[in-house]
1. Looking at (1) outside any loop (DSSP other than H, G, I, E, B); (2) modelled with pLDDT under 95, which one does Ala33 not meet, given that it meets all the others?
2. Tally the residues that are without any contact (Cβ under 8 Å) to a residue 60 or more places away in the chain and farther than 14 Å from Ile176 by Cβ, restricting the search to segment 58-79.
3. State all residues of segment 132-183 that are β-branched (Val, Ile, Thr) and either over 14 Å from the mean Cα position of the chain (by Cα) or crowded, with 20+ Cβ neighbours inside 10 Å (or both); if no residue qualifies, say none.
4. State all residues of segment 46-59 that are in a loop (DSSP other than H, G, I, E, B) and either closer than 18 Å to Val203 by Cα or at pLDDT below 95 (or both); if no residue qualifies, say none.
5. Could you tell me whether segment 60-68 includes any residue that is surrounded by fewer than 16 Cβ atoms within 10 Å (Cβ to Cβ) and either under 17 Å from the mean Cα position of the chain (by Cα) or not in a helix (DSSP H, G or I) (or both)?
6. Of the residues that make up segment 118-130, is at least one touching a strand residue (DSSP E or B) at 6+ places or on another chain (Cβ under 6 Å) and exposed (fewer than 15 other Cβ atoms within 10 Å of the Cβ)?
7. Can you run down the residue pairs with Cβ atoms below 6 Å, 6 or more apart or on separate chains, where the first is in segment 18-30 and more than 19 Å from Asp54 (Cβ to Cβ) and the partner is among the charged types (D, E, K, R) and part of a helix (DSSP H, G or I)?
8. Take the residues of segment 80-102 that are assigned to a helix (DSSP H, G or I) and touching a residue at least 24 places away in the same chain (Cβ under 8 Å): which is surrounded by the fewest Cβ atoms within 10 Å (Cβ to Cβ)?
Amino acid sequence: MRLYLVRHGQTDWNLQKRAQGHTDIPLDETGLAQAQRVGQAFLDLPVQRILTSDLKRAYQTADAIARATKIQPLIDPKLRERGFGEWEGMSFAEIGIHFGFQADFKNVGRHEITPPGGESYVEVWQRVQSVVDEVMQSKIDTAIVAHGGTCALLLAMFLGGDVSLASAFRFSNACINELEPRPDGGLRLIRYNDINHLAGLEVTSGVADGSR
């Protein structure tokens with residue numbers, strides 16, 4: 001089994017460093033070009049199915065892979081980004097202040113903080129667990145197209161870590177991450193935050209989109 005984690009292409013809010021969460025922001029012009037390059041990159045990769053978040057920025061990226069591979073994406077809302085509730089649209093700098101205040105006031109870890117009307121990182125971890133379980137059981141070469149925070153959680157889970165490991169990962173828009181099986185049944189990360197296929201295009205550095 002080969003497993004590929006892909007972060008969606010660029011949006012206007014990515015450039016502005018604003019939390020998108022469940023807000024359905026489409027790819028911008030650069031993001032559409034990035035998605036096309038991702039699709040071309042999958043022409044030479046073994047993939048049997050594509051799973052994608054239902055949010056437009058992820059689905060548009062998955063659709064580019066679908067056009068290249070002739071594989072219809074399967075939409076799964078469990079792959080959505082973390083819901084930031086009332087904090088959606090805020091800058092990550094503003095959200096960082098909220099996180100710090102709540103962590104101090106409530107005496108809890110940052111992974112447990114829940115934005116008003118949103119989700120904690122632990123809740124998203126629980127949400128994607130069934131996706132990881134199904135992928136590991138199926139052993140089908142799979143591409144998963146999701147979001148920065150969700151990809152971080154998925155990667156931590158596929159590597160056998162806990163929720164705290166997710167904070168170590170950062171993903172550029174339209175990057176590809178690849179995992180392969182180990183003899184003991186686990187997975188080995190063999191490609192991380194790869195953007196070589198985006199040569200010549202504008203690429204913003206990865207941020208903690210949902211992983212704060």
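1. Among (1) outside any loop (DSSP other than H, G, I, E, B); (2) modelled with pLDDT under 95, the lone unmet condition for Ala33 is (2).
2. 12
3. Val135, Ile140, Thr142, Ile144, Val145, Thr150, Val163, Ile176
4. The one that is in a loop (DSSP other than H, G, I, E, B) and either closer than 18 Å to Val203 by Cα or at pLDDT below 95 (or both): Pro46.
5. Within segment 60-68 (the criterion being surrounded by fewer than 16 Cβ atoms within 10 Å (Cβ to Cβ) and either under 17 Å from the mean Cα position of the chain (by Cα) or not in a helix (DSSP H, G or I) (or both)), the answer is no, since none of the residues qualifies.
6. No: segment 118-130 contains no residue that is touching a strand residue (DSSP E or B) at 6+ places or on another chain (Cβ under 6 Å) and exposed (fewer than 15 other Cβ atoms within 10 Å of the Cβ).
7. Asp28/Asp12
8. So the residue we want is Ala93.
The values are calculated or read from the model by the stated rules, or taken from the named source; none is laboratory data. Note that the coordinates shown come from a computational prediction; the quantities given were computed from them, not determined experimentally. Positions of Cβ are backbone-derived with ideal geometry, glycine not excepted, and every protein chain shown enters the neighbour counts.
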